[in-house]
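One structure is given here, and the rest of the page talks about it.
The values are calculated or read from the model by the stated rules, or taken from the named source; none is laboratory data. The structure presented is a predicted model; accordingly, all values stated were derived computationally and were not measured. Backbone-built Cβ (ideal geometry, glycine too); neighbour counts: all protein chains shown.
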Amino acid sequence: MFSYRHGFHAGNHADVLKHMVLIAVLRHLTAKPTAISVVDTHAGAGLYRLDSDFADTSGEAQDGILKLVASPLAAEAPPLLADYLQLLASFNPSGKTRVYPGSPFVTQALLRQEAKDKLWLFELHPTDSKALATHVEQLHAGRQIGLKREDGFEGLRALLPPPSRRGLVLIDPSYELKHDYARVAATLQESLRKFATGTYMIWYPVIPRPEAHELPRRLKTLANQAGKPWLHAILSIGQSPERAKTHTPGEATPRPGLTASGVFLVNPPHTLKASLQETLPPVLEVLGRGKGQAQLVESGG
Ligand code: SAM
């Protein structure tokens, strides 16, 4: 079974990029009154304690969301960041950031009961899927949320196209299996055939591995072949010398801490490029750790 547990990484720089973009997409989709469907193929546990043993030992939120919350930028944040910080604050009414919402909770916070928006969650890890079920129960969201302990790539197939014909597919694997990179590309290709107007958001780690390097290129080709607009953004916080090696408990061997990640979207909101161009430079000023820090926003189609 997988050793990846998102609890070790919750609130890190990769979550900051991913969840800001997720919020922007959902704001755009929910601006129209008609229902939307969201499929989160790799949901995680849904909610994380930043003061738990998990988070304490890896400390990744310290170099991510907690650094942003404590920075002067929080008081004068560009709208996209302000929206994210506000949503985070709604999970932490005491004013201290102890709880971090993962993608299921970020999404659910923005869905509308009255519009009959729907959220499908897939999580394969037995412990995390149980935790997710417990967290979701507390929402009393009823039929708004469908939760499955199944393979998200497979499960997605049965859900496309959604009856609403409007929606988002978030594909956020842990890429523990090399095969995940190929599955992401194949899933996007197949899904675009079934649900061409859907918005797709794929997260991936920027690491020195051929499959990871190749993935955005492959996704651009698929979007271009389908004649669909795309957007690609990378946030790289660079390497700090003293934290060059991060050993995450639960993972088999020490690995260099993740310093950069990317999101690739097909059919992105037309306003997203400008929002990211406005938001990522000041975010990087706060989160950047020196050598290798960079950001990129590019689009096509
Ligand atoms: N999307 C979450 C968020 O932003 O809060 C984080 C998800 S985490 C990066 C990836 C999750 O996918 C892990 O919890 C892992 O157990 C789960 N997973 C791995 N392979 C899976 C698969 N084939 N189907 C469903 N879940 C899977």
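Observations on the model:
- Among the residues making up the range 251-263, those that are surrounded by 15 or more Cβ atoms within 10 Å (Cβ to Cβ) and either farther than 29 Å from L188 by Cα or modelled with pLDDT of 65 or more (or both) are G257, L258, T259, A260, S261, G262, V263.
- When L160 is tested against (1) at pLDDT 95 or above; (2) farther than 25 Å from A24 by Cβ; (3) in contact with a helix residue (DSSP H, G or I) (Cβ under 9 Å, 6 or more places away or on another chain), exactly one condition is not met: (2).
- Residue within the range 126-134 that is β-branched (V, I, T) and surrounded by 14 or more Cβ atoms within 10 Å (Cβ to Cβ) present: no
- Checked against the criterion of being more than 28 Å from T34 (Cβ to Cβ) and surrounded by 13 or more Cβ atoms within 10 Å (Cβ to Cβ), the candidates D83, D172, D180 yield just one match: D180.
- Among the residues making up the range 149-158, those that are of a type outside the set (D, E) and surrounded by fewer than 16 Cβ atoms within 10 Å (Cβ to Cβ) are R157, A158.
- Scan of the range 159-181 for residues that are small (G, A, S) and either touching a Leu at 6+ places or on another chain (Cβ under 9 Å) or over 16 Å from L124 (Cβ atoms) (or both), ordered by number: S164, G167
- Checking the range 68-80 against the condition returns no match, with no residue being over 30 Å from R165 (Cβ atoms), aliphatic (A, V, I, L, M) and under 15 Å from the mean Cα position of the chain (by Cα).
- For the range 16-48, a residue qualifies if it is within 9 Å of the ligand (Cβ to nearest atom) and among the basic types (K, R), and exactly one does: K18.
- Evaluation of T248 against (1) within 21 Å of the chain's Cα centre (by Cα); (2) modelled with pLDDT of 95 or more; (3) not in a strand (DSSP E or B) (one fails), failing number: (2)
- Criterion violated by A75 - all others in (1) out of contact with any Ser or Thr (no Cβ under 9 Å at 6 or more places or on another chain); (2) within 13 Å of the ligand (Cβ to nearest atom) satisfied: (2)
- 2 or more residues within 30 Å of K220 (Cβ to Cβ) and within 15 Å of the ligand (Cβ to nearest atom): qualifying helices (runs of 4 or more DSSP H) within the range 117-202: 152-159, 179-194
- Any hit, the range 40-47, residues being buried (at least 24 other Cβ atoms within 10 Å of the Cβ), out of contact with any Pro (no Cβ under 8 Å at 6 or more places or on another chain) and at pLDDT 95 or above: yes
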